[in-house]
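All remarks here apply to the structure that follows.
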Amino acid sequence: MLIINCPYCGPRDQSEFSNGGEAHVKRPDGSKEIGDREWGEYVFIRANPKGLFYERWVHTHGCRKWFNCVRDTSTDEILVTYKLDEKKPNLNNFKSVVKTPSGEPEVGSGNFTVEK
Amino acid sequence: MKSINLKENQFIQFHQKISFKFDGVKYFGYKGDTIASALLRNNINLVGRSFKYHRPRGIYTCGIEEPNALVQIISEYSEPNTRATIKKIYEGMEIESQNRWPSLENDFGSINNLFSPIFTAGFYYKTFMGPHKKFWKNLYEPLIRRAAGLGKPPKDFKGISNHIHHNVDVTIIGGGLNGLLAAKSFINSNYDVLLIDFEEQLGGIINNSNKISLIDNTEPKNWLKETIQEIEDSKNIKILKNTLVTTYNYINHLIAIEDRFVGSKPIEGKVNSTLHKIRTGHTILCNGHIERFLSFQNNDLPGIMLSSSFEKYMCRYGLAPSKEPVIFSNNSNSNSLVYSLIKAGLKPKAYIDSRSGEEIEPNLFDLIRKNDVPLYTNSQIKGAFGNKKIEKILVEDSSGALNEIKCDCLCLSGGINPDVHLFTQSKGLLDWDEKDLTYKPSKPFQPTITLGSASGQFNFDNLNSDINEKLKTFKVKKLDVKLELNTNTKYNIEKLWEVSPQKKSLWAKSFIDLQNDVTTKDIRQAITEGFDRIEHLKRYTTNSMGTDQGKISSINALGIVSDLLDKKVNEVGTTIYRPPYAPLSFSAIAGRNCYEFYDPERKSPIHSWHLKNGAIFEDVGQWKRPWYFQINKDESMHDAVQRESKNVRENAGILDGSTLGKIEIKGEDALEFMNLIYTNSFTKMKQGSARYALMLGEDGMVKDDGIICKISDQHFIATTTTGGAATVLGCMEEYAQTEWPNLKVFMNSITEQYATFNISGPNTREIMKKAFPNINFSNEEFPFMTFQFHEFNGVPIRILRASFTGELGYEIYIPSNSALKIWDNIQSLGKEFGLAPYGTEAMHLLRAEKGYIIVGQDTDGSITPIDLGLSWMIGKSKKDFLGKRSLTRSDTIREDRKQLVGIIPSNKADKLEEGQHIILDKEIKSPIPMLGHITSCYYSSTLGHDFALAVIKNGHSMIGTKAYASTSSMSTTGVDIVKPVFYDEDNKRLVS
């Protein structure tokens, strides 16, 4: 469970929001010729990284506004939220806890309780 | 075991007697007593039978860690597995012991103890395998369930729980010495602080033991009173008492449960517990430590108790469970019990320590010598013996000689563990301390701070510097507290997990988990059989899987396993600690979201009329919709539906369509937006006309349908399916905001603002004329798929000529508040024309006769408009709309896609069913290719037989051919594949 900082309303409980998947995926312009591959990737293919991720959320039970955020999928921490028309932040500005080769965070993966 | 009452204290009032019943017998306790302390006061120590072997069990501890003393509270909806060591008594409380029959003293199930050599780890897995699978379900499981287990599930439960949310800067868990000191630092600071304690009184170790003699040169009790007062007076600190933190989630999210009826009977209809959902910046864990036990033969006998628990009964409840207990320890934590006993004028019958004389603290040595307490150093208890209670113990002293000591009580201490449960739930990592022989918190994962014994600081020397150092991230006062101890010692422990029994016997039992009846022998056996990973071992033996989660024993098991495997304990690891810390009732989690509040019920403005007129309701999403109307109690659903549908075809029917989703779309660019959202083109559509429209997903599949009314290029009203309203509005919002923010368009739901009546049937025009005499309903003035705004008796209404039944029909939209009056009016006016209400089932039948689809019933998210035969609805000249490009994907232009067709039985008398598979062969021989399935199926009295809609592979080209529908009895019914229209194919009635 998270507290999400809606860019319009301020910090609110996660239960008021809905997740909208990867952010900054541009819908191909329908007035132009679109190849099968290009369209298929837009409809079906989304990134699913462990670590920092641009993501869309909507304040469903609030202002109904969509906005973007950077979330660390390995810790669930939302690092920043920003309006749709704002520039996307550089991921290098954030520290990801994912450091180990397998992508597990050093602490908190939940797979063990004692340091190995 | 003979107990005696000591001095009265602030927690227990000897002048306030309370009567309660245990197993039907009346006893007395005092105000402030727990069930356990009250039973001990009455010299009752046998309180239950064990899980597997039905062994007699007594009160082992004085707190939440209790594995044995679980009771059923008859007077509280028969709440089972209640810890007697926590639950406070009240006048008239009724308690029963668990897992015994016919009585606690003479329990038939104790025969299991005789057979115990065969009930070892994995017994059930190995034994109850055959001869057939059914044996488990029908014979073994019911038998085992009868014989094993703890309390009985309550028959009915009406507990009410509230949920409260907190959002604070700091949460301090545990109001003991360290918790209070931490809270003291935050007094009048700028931080919002929550201090949570499980008990009714703050103080922890100050109340529970005689360890501390002076704090800041004052009596600990006086210091406590002053400090609590200061904290209570501080405006930024809120104290939650009787509140147990059960869960520590990600992002510092805590769940805590507050008991609202401590020491009194819950009042029916009143909130009896509060679930606190806490979000906090930092969590400070001050939840202390738990003493562990030791394993030796019969270490489960009633009369055996943890030593700190004995001391807690003395200090907290003014009660010594025994006048002369024997103490057995391997560490210095039991020193203060010796001190407390002697201070109270009692003395231990013997003090047995596995440590050598040099290791034992000098001041304990002096105390024991001065009071002539028999002392056994370098000694171990080989076993405890007695019938349903401890009668004697066998001590092996330093010379190896055996000594028998008669006793009625044995106090054990196997060392102490920081209560790391919440710390590990927060995903922090532990580290094994070789000196103190326990796991201690090492790396936190979240902003978690541990203080005091919860952090593994078992001594008090660095109290101030430790707290000041760990709280330095906060702008708070520095502490300088002076502490003086009665037993001035450093924590010291010698490794001892288990003492092997004197005589080898199949019946000799040294328990490692008291609640689940796991013995040290089970652990050995599991390792021999290869279950040597701790998580496997736990599940195979069920060690630490009881409701106490092995709070006093799980570390001992790790110690034994590490010795057996000759591995370091850190290598063995621990099993993962999972929430909740202690059992949490489902009613507390459900809160108020139960019964009628489980899911909101939405009712149309006409609901009261439906109730009065025999409506049987159906749930559609959250809506209550009339399914059909019963004209008398004997009318079956089939009869009612046929009567209603026939009446629509012959006279006229009225349906309450208020639940249909209605969305109003406005704005400069509304037309362009609608063209992008729906497949249809609205550009050339005239103002005042309506159009049936489809909405697709980007994958080209049908997501919703509805009728779009065009008021102008800047103003539309769309209807949606009843269940899809929120999704459609959500989708419109999403695209308006994220993909086309340049379009000036706004949308809002008006579903509940307007009621909708769907009137249809050949007599409809006459009824409408009569109901709205000022409106011209002729075909010329009011053609099909147009709408008009009117005012009726001062009420603005919109009438749309459309139909979902295939008959001449009108939809009337009326502001909800005025709807019922107009509905009543139409009902009485319509009587002479045979108007009757119909429900959703008749509506489904009527629309299916016309081949109109229902999104979600005839489609399933894998059906395109082309599959439905609705290509005419696609605005092909439009540059773009949702899902347009997907309609030419290789997958969507395949010829063998499942397509909508009609199905009728070849033999008209045959019955069809929804969900039946359509196949080509008469005989079912697996594997058999499946063409598709029936999505809607009804009997029609208009047609005189069953008919169905189905989606089948390549269906459009199969129209006119024959196939078979498989039945559940593995036979088939011959069917004809036909066009999905069964009635009035050329729409004569629709436009009449």
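Read the figures in this text as sums done on the coordinates, not as results from a lab. Given the structure is predicted, the values throughout are model-derived calculations rather than measurements. All Cβ positions, glycine included, derive from the backbone under ideal geometry; neighbour counts span all protein chains shown.
Below is a table of values for the structure above.
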quantity: One residue from B:853, B:866, B:814 being β-branched (Val, Ile, Thr) and surrounded by fewer than 21 Cβ atoms within 10 Å (Cβ to Cβ); calculated: B:866
quantity: Qualifying residue in segment B:112-134 (condition: within 33 Å of the chain's Cα centre (by Cα) and among the aliphatic types (A, V, I, L, M)); calculated: yes
quantity: Looking only at segment B:260-290, and only at residues there that are among the hydrophobic types (A, V, I, L, M, F, W, C), touching a Lys or Arg at 6+ places or on another chain (Cβ under 9 Å) and touching a residue at least 40 places away in the same chain (Cβ under 8 Å), the one that is farthest from the other protein chains (Cβ to nearest Cβ); calculated: B:262
quantity: Single residue of segment A:1-30 satisfying the filter (within 30 Å of residue B:883 (Cβ to Cβ) and more than 17 Å from the chain's Cα centre (by Cα)) that is nearest to the other protein chains (Cβ to nearest Cβ); calculated: A:30
quantity: Members of segment A:39-57 that are facing another protein chain (nearest Cβ under 9 Å) and assigned to a helix (DSSP H, G or I); calculated: A:39, A:40, A:42, A:43, A:44
quantity: Residue B:181 being surrounded by 17 or more Cβ atoms within 10 Å (Cβ to Cβ), in contact with a His (Cβ under 8 Å, 6 or more places away or on another chain) and touching a residue at least 60 places away in the same chain (Cβ under 8 Å); calculated: no
quantity: Some residue of segment B:564-580 being in a helix (DSSP H, G or I), surrounded by fewer than 18 Cβ atoms within 10 Å (Cβ to Cβ) and within 14 Å of another protein chain (Cβ to nearest Cβ); calculated: yes
quantity: Residue tally, condition under 27 Å from residue B:43 (Cβ atoms) and aromatic (Phe, Trp, Tyr), over segment B:370-420; calculated: 1
quantity: Some residue of segment B:594-615 being within 14 Å of another protein chain (Cβ to nearest Cβ) and out of contact with any Lys or Arg (no Cβ under 6 Å at 6 or more places or on another chain); calculated: yes
quantity: Test: residue in segment B:485-494 that is part of a loop (DSSP other than H, G, I, E, B), surrounded by fewer than 17 Cβ atoms within 10 Å (Cβ to Cβ) and without any contact (Cβ under 8 Å) to a residue 24 or more places away in the chain; calculated: no
quantity: Checklist (1) in contact with a Ser or Thr (Cβ under 7 Å, 6 or more places away or on another chain); (2) more than 23 Å from residue B:300 (Cα to Cα) applied to residue B:345, failing item; calculated: (1)
quantity: For residue B:460: the one exception among (1) in a helix (DSSP H, G or I); (2) away from chain A (no Cβ under 14 Å); calculated: (1)
quantity: Within segment B:869-890, considering residues that are of a type in the set (S, T, N, Q) and more than 7 Å from every other protein chain (Cβ to nearest Cβ), the one farthest from residue B:696 (Cα to Cα); calculated: B:877
quantity: Given (1) buried (at least 21 other Cβ atoms within 10 Å of the Cβ); (2) farther than 16 Å from residue B:652 by Cβ, index of the condition residue B:775 fails; calculated: (1)
quantity: For residue B:609: the one exception among (1) touching a helix residue (DSSP H, G or I) at 6+ places or on another chain (Cβ under 7 Å); (2) outside any helix (DSSP H, G or I); calculated: (2)
quantity: Pairs with Cβ under 9 Å, 6+ apart, first in segment B:729-753 and within 9 Å of another protein chain (Cβ to nearest Cβ) and of a type in the set (Asp, Glu), second outside any strand (DSSP E or B) and surrounded by fewer than 20 Cβ atoms within 10 Å (Cβ to Cβ); calculated: B:733/A:64; B:733/A:65; B:739/A:26; B:739/A:27
quantity: Filtered residues of segment B:768-795 (kept if among the aliphatic types (A, V, I, L, M) and more than 52 Å from the chain's Cα centre (by Cα)); calculated: B:768, B:771, B:775
quantity: Segment B:426-447, residues that are over 30 Å from the mean Cα position of the chain (by Cα), farther than 20 Å from residue B:562 by Cα and either more than 7 Å from every other protein chain (Cβ to nearest Cβ) or of a type in the set (Phe, Trp, Tyr) (or both); calculated: none
quantity: Selection status of residue A:66, crowded, with 18+ Cβ neighbours inside 10 Å, within 12 Å of another protein chain (Cβ to nearest Cβ), touching a Gly at 6+ places or on another chain (Cβ under 7 Å) and not hydroxyl-bearing (Ser, Thr, Tyr); calculated: yes
quantity: Qualifying strands (runs of 3 or more DSSP E) (wholly inside segment B:875-992; at least 2 residues being β-branched (Val, Ile, Thr)); calculated: B:898-905, B:917-919, B:932-940, B:945-953, B:972-978
quantity: Set B:949, B:943: member being crowded, with 18+ Cβ neighbours inside 10 Å and under 26 Å from residue B:810 (Cα atoms); calculated: B:949
quantity: Residue identified as in contact with a Ser or Thr (Cβ under 7 Å, 6 or more places away or on another chain) and buried (at least 19 other Cβ atoms within 10 Å of the Cβ) among B:350, B:320; calculated: B:320
quantity: Residue pairs meeting the criteria (Cβ under 6 Å; at least 6 apart or on separate chains; first without any contact (Cβ under 8 Å) to a residue 60 or more places away in the chain, in segment B:188-206; second small (Gly, Ala, Ser) and surrounded by 24 or more Cβ atoms within 10 Å (Cβ to Cβ)); calculated: B:195/B:175; B:195/B:183; B:197/B:175; B:202/B:175
quantity: Residues being more than 30 Å from residue B:903 (Cβ to Cβ) and surrounded by fewer than 21 Cβ atoms within 10 Å (Cβ to Cβ) - total across segment B:827-850; calculated: 7
quantity: Residue among B:227, B:247, B:243, B:171 that is touching a residue at least 12 places away in the same chain (Cβ under 8 Å), over 20 Å from residue B:463 (Cα atoms) and more than 14 Å from every other protein chain (Cβ to nearest Cβ); calculated: B:243
quantity: Elements of type strands (runs of 3 or more DSSP E) in segment B:376-451, at least 1 residues being crowded, with 18+ Cβ neighbours inside 10 Å and touching a residue at least 40 places away in the same chain (Cβ under 8 Å); calculated: B:380-385, B:392-396, B:410-413, B:416-418, B:429-433, B:438-443, B:448-450
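Results for (1) surrounded by fewer than 22 Cβ atoms within 10 Å (Cβ to Cβ); (2) of a type in the set (Val, Ile, Thr); (3) on the phi < 0 side of the Ramachandran plot, shown as yes or no for each residue.
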site	(1), (2), (3)
B:6	yes, no, yes
B:10	yes, no, yes
B:14	yes, no, yes
B:19	yes, no, yes
B:24	yes, no, no
B:29	no, no, yes
B:35	no, yes, yes
B:43	yes, no, no
